[in-house]
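Notes for the one structure printed next.
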Amino acid sequence: FKSLLSMSQCVTGQIFERPAGQLPARWIVTTFIKFISTLAPQLEATLDDEKPRFLTPLVATAHTVLSCSNQSLVGADCLQRGMEVPVEEPASVEETSVLAEIPDSIGVTVPDTTTSSIAHRMKIRKKIFNKIASNECPAPYFDSTKEYTFEFYQHLLDFGDELALDMGRIGGKVGLAAASDGQPLKVMAAYRDKLKGELSNLWSFDIWHESLYSYAHDAEHRKQDVMN
């Protein structure tokens, strides 16, 4: 981060540039919304808009979050990790935990999670940052003197014959090609201006799959027909 940004005003999710395509049965859509809501209670979802979107608080949504100060970057564990090395949620009292950056002034109690399981550490961080986002607390801020690492729910994506979301026993595998109308999924984060409500991308990477191509191709043809 190049400047101090309020963590509660940073979001992640999916933003599409055109309306959704053919959605699955209503019960599947409802199950999907409930499924995402369990991962991110502060979910903001609009499906029937010209530009559908799903947005959730960044720090509360990420599977794992790490923070490294510039002073410790040389030889730091966070830089030596390979892409395939698991990233683990640190204890709340460790300097690599974003929970350690929460100031006492906002009145949030952060428990010591040293003896907690990794899953419980994640649950605590998510619960606290969902509360911070809900209360629209300005602090804490992303520090420009630190490097942050985010791990998201990549394991929920299935890259088989069709790009799909694997919701396990809750809803099985749900194909995304038709529902997205051939639009790629995104690994993204954005800063939301509280006054204007506008989003400014912090990063955004498209995830493509061959199953999206025919829908994207048809959508482009429809666009050209309208323009002509």
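The values are calculated or read from the model by the stated rules, or taken from the named source; none is laboratory data. Quantities reported herein were computed from a predicted structural model and do not represent experimental measurements. FYI the Cβ positions are ideal-geometry reconstructions off the backbone, even for glycines, and counts take in every protein chain you see. Ligands, DNA and RNA are excluded from the accessible area calculation, which covers all protein heavy atoms including side chains. Shrake-Rupley method; radii C 1.70, N 1.55, O 1.52, S 1.80 Å.
Could you work out the relative contact order of region 97-215, using alpha carbon pairs under 8 angstrom and six or more residues apart, expressed as a whole percent? Display every interim value, and only then the final one.
Working: 107 pairs, mean separation 19.8, N = 119.
Here the relative contact order equals 17 percent.
With both labels modelled 7 Å from their Cα along Cα-to-Cβ, the residue 173 to residue 206 distance reads 2.4 nm.
Note on residue 36: accessible area approximately 40 square angstrom, rounded to 10, probe 1.4 Å, nucleic acids and ligands left out.
Using θ = phi - 60° in the Karplus curve 6.51 cos²θ - 1.76 cosθ + 1.60, the 3J(HN,Hα) couplings for region 119-131 round to 4, 6, 4, 4, 4, 5, 4, 5, 4, 5, 6, 5, 5 Hz; x is entered for Gly and Pro.
Label reach from residue 49 (point 7 Å along Cα→C-beta): in region 163-203, amide nitrogens under 20 Å belong to 179-203.
Using only side-chain charges placed at the Cβ, +1 for Lys and Arg and -1 for Asp and Glu, the dipole size of the chain relative to its Cα centre rounds to 620 debye.
Phi angles of region 60-66 translate, via the Karplus equation with coefficients 6.51, -1.76, 1.60 and θ = phi - 60°, into HN-Hα couplings of 7, 9, 3, 4, 9, 9, 10 Hz per residue; Gly and Pro are given as x. Summing charges over neighbours of residue 8, with a neighbour being any other residue whose Cβ is under 12 Å away from its Cβ, gives +2 when K and R count +1 and D and E count -1. Would you please give the residues with an amide H less than 5 Å from that of residue 69, counting only those at least 5 places away or on a separate chain, with H modeled from the backbone geometry? For residue 69, the qualifying residues are 147. Among the trypsin sites (Lys or Arg not before Pro) in region 124-200, those located in a DSSP loop and surrounded by at most 16 other Cβ atoms within 10 Å of their own Cβ are 169, 194, 196.
Residues in region 165-173 carry Karplus couplings, in order, of 9, 9, 9, x, 6, 5, x, x, 8 Hz; the curve used is 6.51 cos²θ - 1.76 cosθ + 1.60 with θ = phi - 60°, and Gly or Pro positions show x. With both labels modelled 7 Å from their Cα along Cα-to-Cβ, the residue 151 to residue 187 distance reads 1.3 nm.
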